[in-house]
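Readers should treat all values here as calculations from the given coordinates under stated rules, not as data from a laboratory. Just so you know, these numbers come straight off a predicted model, no measurement behind them. All Cβ positions, glycine included, derive from the backbone under ideal geometry; neighbour counts span all protein chains shown.
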Ligand code: PGA
């Protein structure tokens, strides 16, 4: 189901929320958007303790429940970890992998992220692979090589004929800063990513949703969603406000 959706608006709630806050937010989204269009998926990714609450709040809606990370292991003696089959068991359908905050603060390497994407697919979850360059890497002209390095570590572990993932391009310097990448930069990177993926496997490259992330909000969503090869957004702070999140969804739908 989720895999066939070509465009997505995904809310990454990060380390935020409470039972009261989550309920108000989801009710706010559902009140202003009673039905989703099946061309554009919507997902919210709360912290682990709230997944079951969210599964309940999303009942009867086509919003998709997502998680923010998972273990590379399916089970075992790994204290504090959460495994793909467990996420699946509580109603999760999609999982972020390799978010830049995990790469930076938890030291997640490309190799580990590859294993996590593999674990997500093996558990029947749709992985949303996050990639992006730092400001220093961009300034050094390394954006493309950083992105292809991040992609190659994962693509080599997938059966591109059969398996699907979503890719979110999130320049690290645009995350949480209030300053998104310019439309020209986004167009350049997304065009490059599309042709790189098509070069790996034509059908896979053409069907893989490419999301933009990094200070996308209700005001810039129209112009970002209209860029060629942008198939929606991965949203941080603006996903915590129902009206902003719905405005972004409507901007992406208008381009579907
Ligand atoms: P932001 O976060 O929208 O707050 O920049 C995006 C993300 O980290 O996915």
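Taking other Cβ atoms within 10 Å as a rough exposure proxy, 237, 156 sort from fewest to most as 156, 237.
The separation of region 5-56 from region 89-158, counted between C-alpha centres, amounts to 22 Å. Computed over Cα pairs, the Kirkwood radius of the chain leads via Stokes-Einstein (0.890 mPa s, 25 °C) to a diffusion coefficient of 136 µm² per second. Residues 99, 190 in ascending order of nearby Cβ atoms (within 10 Å, fewest first): 190, 99. Packing, as the average of other Cβ atoms within 10 Å across residues, places the peptides 57-65, 165-173 in the order 165-173, 57-65, highest first.
Let me have the 222 nm mean residue ellipticity of the chain computed from DSSP H runs of 4+ only, each contributing -39500 (n - 2.57), with the sum over all residues rounded to the nearest 500.
-12000 deg cm²/dmol
In region 106-256, inverting the average of 1/r over every pair of distinct C-alpha atoms gives 15.8 Å as the Kirkwood radius.
All C-alpha to C-alpha distances of region 1-72, sorted into 10 Å bins beginning at zero, yield P(r) values of 18, 55, 25, 2 percent in whole numbers. Our Cα-only numbers for region 7-146 put the radius of gyration and Dmax at 16.1, 49 Å. The relative contact order of region 123-256 comes to 23 percent, based on Cα pairs under 8 Å that sit 6 or more residues apart.
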